[in-house]
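Notes for the one structure printed next.
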Amino acid sequence: MPVRRRQVVRALLSVVLLALLVLYARSLNWPTVWNDIRTASLPLLLLSALANLVTVGSKAIVWWIFLRGVGAPSLGLSLRATVSGAALNNLVIANGGDAARAVFVARGSDASGAAVLAALTLERLFDFIGYTLVVAAAAFLLPMPASVARWRGLAVIVLLAIVALLWFLMVRVAEAPVAPASRPTTLVARASAFFARYAHKLSGMVTLPRLAAAFALTLVNWGSQIASYHWAAMATHFPITVAGSIAAMITSNVGFLMRLTPGNVGLFQFVYALTAQALGLPKDAAVSTALLLQIVQNVPVVLLGTAVSPALVLRREPAAETQL
């Protein structure tokens with residue numbers, strides 16, 4: 001689909017979604033929502049915000065694990081780029097933050113663009129592994145709404161396919177691409193040369209120690225995300241169980257595959273409330289919890305990203321920074 005047409009389709013979807021959200025918002029008892037927000041526990045909200053920052057940090061370290069062997073050994077650079085990318089994702093419609101943080105690291109290190117992209121691919125893959133693992137475990141072990149439970153079989157199949165892919169990459173010895181005698185001039189030739197470098201870097205990054213470390217941090221990532229969701233619910237005295245918070249986290253994260261509003265504001269609350277209603281919980285209280293949850297997750301990240309982005313854009317990465 002041409003870029004122009006995709007933009008038009010996305011704009012139309014955003015308008016339709018906005019209209020639906022306005023209709024849904026009109027059905028809420030807003031005095032109840034604001035009262036729940038006003039009486040929420042500040043210490044628990046701070047714990048929720050802290051847990052979300054642990055999630056962001058875990059993703060940055062997973063990325064760094066793969067970056068350190070390809071010319072970007074600075075953990076500080078990976079952390080700043082990840083926070084900046086997450087902040088940008090909270091402010092724009094599309095997932096432009098991932099592309100931005102790849103550019104930040106390529107500019108601030110000796111790593112090639114193909115290597116940075118390969119490392120980012122593996123970081124995003126492990127994030128998806130964690131999400132799929134939560135879906136499978138929750139669907140088999142916990143009481144889940146039908147909308148979640150029905151995906152258990154597919155989640156297991158996807159996990160097995162990813163394990164097979166990682167095993168293939170680990171045992172495959174990729175040959176280094178042969179440099180052409182002259183620089184490719186056509187778009188197809190340049191794309192082919194870039195993909196060859198990308199595939200070589202990707203294969204070289206996949207080792208058992210790196211996979212084990214990335215998997216352990218992925219468990220920290222999603223465990224912290226569950227804690228963030230449930231502490232926010234506890235802060236508003238929302239009577240949802242831990243299993244219910246996991247279900248809400250699973251369904252709410254599906255919406256972030258395609259952001260139709262900045263930070264998915266509105267859509268996030270709508271999906272969270274629908275999940276809560278499926279569990280027999282009141283939608284007004286669910287919306288107030290979702291509003292506060294998104295505030296404590298997004299605002300600290302945006303503030304941190306705003307603080308560190310200039311250092312990345314202006315390439316102020318210290319040359320003598322400790323190589324961790």
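Tabulated values for the structure
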| item | result |
| --- | --- |
| Tally, over the range 130-173, of residues that are part of a helix (DSSP H, G or I), among the aromatic types (Phe, Trp, Tyr) and within 18 Å of Ile226 (Cβ to Cβ) | 2 |
| Of all residues in the range 66-99 being surrounded by fewer than 24 Cβ atoms within 10 Å (Cβ to Cβ) and β-branched (Val, Ile, Thr), the one that is modelled with the lowest pLDDT | Ile93 |
| Some residue of the range 23-34 being at pLDDT 90 or above and touching a Ser or Thr at 6+ places or on another chain (Cβ under 6 Å) | no |
| Candidate set from the range 135-150 (those that are touching a helix residue (DSSP H, G or I) at 6+ places or on another chain (Cβ under 7 Å) and more than 17 Å from Leu279 (Cβ to Cβ)); member that is surrounded by the fewest Cβ atoms within 10 Å (Cβ to Cβ) | Phe140 |
| Residues located in the range 65-84, provided they are assigned to a helix (DSSP H, G or I) and touching a Gly at 6+ places or on another chain (Cβ under 9 Å) | Gly69, Val70, Leu77, Leu79, Arg80, Ala81, Thr82, Val83, Ser84 |
| Scan of the range 172-221 for residues that are at pLDDT 85 or above and exposed (fewer than 12 other Cβ atoms within 10 Å of the Cβ), ordered by number | Leu208, Pro209, Ala212 |
| Criterion (closer than 30 Å to Pro282 by Cβ, among the hydrophobic types (A, V, I, L, M, F, W, C) and in contact (Cβ under 8 Å) with a residue 12 or more places away in the chain) met by exactly one of Ile65, Ile37, Ile61 | Ile37 |
| Test for Ala155: is it within 17 Å of the chain's Cα centre (by Cα), buried (at least 19 other Cβ atoms within 10 Å of the Cβ) and closer than 27 Å to Gln297 by Cα | no |
| When residues of the range 100-112 are limited to those that are assigned to a helix (DSSP H, G or I) and touching a residue at least 60 places away in the same chain (Cβ under 8 Å), the one surrounded by the fewest Cβ atoms within 10 Å (Cβ to Cβ) | Arg107 |
| Gln297 being modelled with pLDDT under 90 and in a helix (DSSP H, G or I) | no |
| Complete set of residues in the range 35-65 that are of a type in the set (S, T, N, Q) and surrounded by fewer than 18 Cβ atoms within 10 Å (Cβ to Cβ) | Asn35, Thr39, Ser41 |
| Test result for Ala115, assigned to a helix (DSSP H, G or I), crowded, with 22+ Cβ neighbours inside 10 Å and at negative phi | yes |
| Per-region count, the range 274-294, residues free of Cβ contacts under 8 Å to residues at least 60 places away in the same chain and either more than 15 Å from His230 (Cβ to Cβ) or surrounded by fewer than 22 Cβ atoms within 10 Å (Cβ to Cβ) (or both) | 6 |
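The values are calculated or read from the model by the stated rules, or taken from the named source; none is laboratory data. It should be emphasised that the depicted structure is a prediction, and the values quoted were computed from it without experimental measurement. Note: ideal-geometry Cβ built from the backbone for every residue, glycine included; neighbour counts use all protein chains shown.
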